[in-house]
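Structure record follows, encoded as structure tokens.
Every number in this text was worked out from the coordinates using simple rules, so none of it is lab data. Values in this document were obtained by computation on a predicted structure and should not be read as measured data. Don't worry about glycine lacking a Cβ; one is built from the backbone with ideal geometry, like all the others, and counts go over all protein chains shown.
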Amino acid sequence: MEKKKIDPDQTIYKLLKEYPELKTTLIEAGLTKLAMPMMAETAGRRVTLRDALTHMRLDFDEMERKLDRAGYQFTSANTSVNQLKKLLERLNAGEDMGKVRQDFLHTYKDVSPETIIAAEQQLLKEAIPHQQLQKLCDLHSVLFHGHMEAEHVQDAGANLPAGHPVCLLKRENEALGEVLNVIEKDLSGDCAMLFASLVKLKAIRQLYSIKEETIMPLLERRGYDGPATVMWGVDDELKKEASRLASSIEQQVTPKDMEDIRKLTTRNREMIYKEENILFPLALEHIHEQEWMDVDRDMREIGPVFTDSYPLWEEAAARSLQQKQEVKVDDQLLKTPFGEMSLPQLTAFFAVLPMDVTLIDAQDTNRFFTNFGKIFVRPKLALGHSVYDCHPLAIRPIVKKLIADFKSGARDKMEMWVPKRPILISYCALRGQNGEYLGTLELVQDMEKARQHFEK
């Protein structure tokens, strides 16, 4: 009878997911902590079998013999990585995809996202330039189609809240797929419709930025830098090509254009596949819930791309609201929803800000100003006094009307240019969490350098 193969460098959670009956064997062999409720579901998601044996001071070779008698055989993760690496190298050398895929299917029943990432990282560490690996990325996704663990198990996001970032990104991918369908349909039809769809496709820049700026850095911190190196590079190529085609196609579509568009839509679909079967399962395995809540916060600030709206993730929303309310000074450190600065840093920040800033509180009193540009006179004597005292009598009614509009909610912003001078003055209403009026911010910028730059 053929022995069941298990990788000691795989997490206990994944091993038990594949072989549930293994739990009893491991407990009997000495991993008694697995008998504790939810141990495999919690710590087991992060701890490999090898790490667990080390922690419990159990002999690795002895455990291997016990499992062998129970019908299990240890297999090396490095062996799988090296085998896959050789297949990728053959593709990179130009070997026929069909032959490589045949050998792949002979070697593997399924391949895990971790193994793919590990093989990519091995190639990066050795000789292959990352530009070549980016090209290889399109090919090896075809190689894996239908033979990835993620495709044969229950959807990794099935039990997630509808507003979880992975669920939101899958919604975006579904909507992106609809855009690709329209583009492919319009290739032989209305040129104007095709152009409009290609312009819409340019939004992949924003969509890809979400995973590039949030998910990939978190994986890098866990030692998975392959996606950032390879997938990000492919993303950049897709973004540039979408922009190029949207800019060049207006009146008619040449045969070369049609070929390029087909290549672009195919590569976009392959990227969707790689995200949902490699990147997302890997991220769900290694990114913690609190970090996912941070991703959720940033995604919502960026806003939907191809979808109209995002369902709420209530737990993350509650945490975000709490964070927004936490503004405090602790040991000379100002902590805000936007980050933190020491008070000396804050003082230096305002000292070099290339504009004059004035803060007027809700009682129309001057409370703060910087005078970096010295565009207008701002004497410190004005602090603590009415804003109207700083303006000529003829201007005061205008200032009063503006602040009254801010207070009533009739407007939130006003901009004006100083006559005959390239000076921009911006007035902004400051509002609290519930929309209440907190004051007015005045920003004064000397735009002379900008004017000279664009006149060259």
Q | Gain on full stretching of the segment that runs from ALA175 to GLN102 - 0.36 nm per residue minus C-alpha separation | A | 22.9 nm
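Quick one: divide the alpha-carbon radius of gyration of region 350-455 by 2.2 N^0.38 Å and tell me what you get. Before the final figure, lay out each step's value.
Details: Rg = 14.3 Å, N = 106, 2.2 N^0.38 = 12.9 Å.
Output field value: 1.11.
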Q. Region 197-220 to region 292-319: how many Å between their Cα centroids?
A. 15
Q: For region 91-96, take each phi angle, set θ = phi - 60°, evaluate the Karplus expression 6.51 cos²θ - 1.76 cosθ + 1.60, and give the result in whole Hz per residue in order, putting x for glycine and proline.
A: 4, 5, 7, x, 5, 4
Q | From phi via Karplus (6.51, -1.76, 1.60), per-residue ³J(HN,Hα) for region 294-303 in Hz, x at Gly/Pro | A | 5, 4, 4, 4, 5, 4, 6, 5, 5, x
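Could you list GLU314, GLU220 in order of exposure, starting from the residue whose Cβ has the fewest other Cβ atoms within 10 Å? The partial results should precede the final answer.
Details: GLU314 10, GLU220 14.
Ranking GLU314, GLU220 by Cβ neighbours within 10 Å, fewest first, gives GLU314, GLU220.
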Q) Amide H of SER342: which non-local residues (sequence gap of 5 or more, or other chain) have their own amide H closer than 5 Å, using H built in the peptide plane? A) LEU334
Q) Of LYS99/LYS263; LYS5/LYS99; LYS170/LYS407, which ones are farther than 32 Å apart at the Cα? A) LYS170/LYS407
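Suppose we take every Cα in region 389-443 and form the convex hull; what volume per residue is that in Å³?
87
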Q) Label-point separation (nm) for LYS185 and ASN92, each offset 7 Å from Cα along Cα-to-Cβ? A) 4.1
Q. Using a basic spin-label model with each label point 7 Å from the Cα along Cα→Cβ, how many nm lie between LYS202 and LEU58?
A. 5.9
Q: With the Cα gyration tensor of region 4-74 in hand, give its eigenvalues times 5 under a square root as the equivalent ellipsoid semi-axes, listed largest first in whole angstrom.
A: 16, 13, 11
Q: Give the relative contact order (percent, whole number) for region 165-317; include only Cα pairs under 8 Å separated by 6+ residues.
A: 37
Q. So which trypsin sites (Lys or Arg not before Pro) in region 247-320 are both in a DSSP loop and have at most 14 other Cβ atoms within 10 Å of their Cβ?
A. none
Q. Over region 165-317, with a single point scatterer placed on each C-alpha, what log10 of the ratio I(q)/I(0) does the Debye formula yield at q = 0.10, 0.15 1/Å?
A. -0.38, -0.78
